[in-house]
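**Student:** The following block contains the structure, expressed as structure tokens.
FYI, it's all coordinate maths here, none of it is from the lab. Since we're looking at a predicted model, the values are computed, not measured. Here Cβ is always computed from backbone atoms with ideal geometry, including for glycine, and neighbour counts include all displayed protein chains.
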């Protein structure tokens, strides 16, 4: 028997017994996708954006707030879109 077939029912039963875990994982994945797309939109390379996204999957609150802090520190505003050089 492969490990996947023996652990899959366990994972499913955990999510059925504690659905809040599924919600937490879905929110974490959504934050990682948002962070990746935001980093790309703000001119970061794909590698840097991917590192931020993977980091938020590993240590969600620490990496997320570090990204927001550095974003605020370097750009000055959380709500305005990035300033492009073409203007």
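**Student:** Explain nothing, just the number: relative contact order of segment 14-75, from Cα pairs under 8 Å at least 6 residues apart, as a whole percent.
**Tutor:** Computed value for segment 14-75: 26 percent relative contact order.
**Student:** 7 Å from Cα along Cα→Cβ at both residue 34 and residue 66: what's the point-to-point distance in nm?
**Tutor:** Result: 2.0 nm between the two label points.
**Student:** How far apart, in nanometres, would the label points at residue 23 and residue 46 be if each is projected 7 angstrom from Cα along the Cα-to-Cβ direction?
**Tutor:** 3.6 nm
**Student:** Along the Cα→Cβ direction, 7 angstrom out, place labels at residue 73 and residue 57. What is the inter-label distance in nm?
**Tutor:** With each label point 7 Å from Cα toward Cβ, the separation is 2.6 nm.
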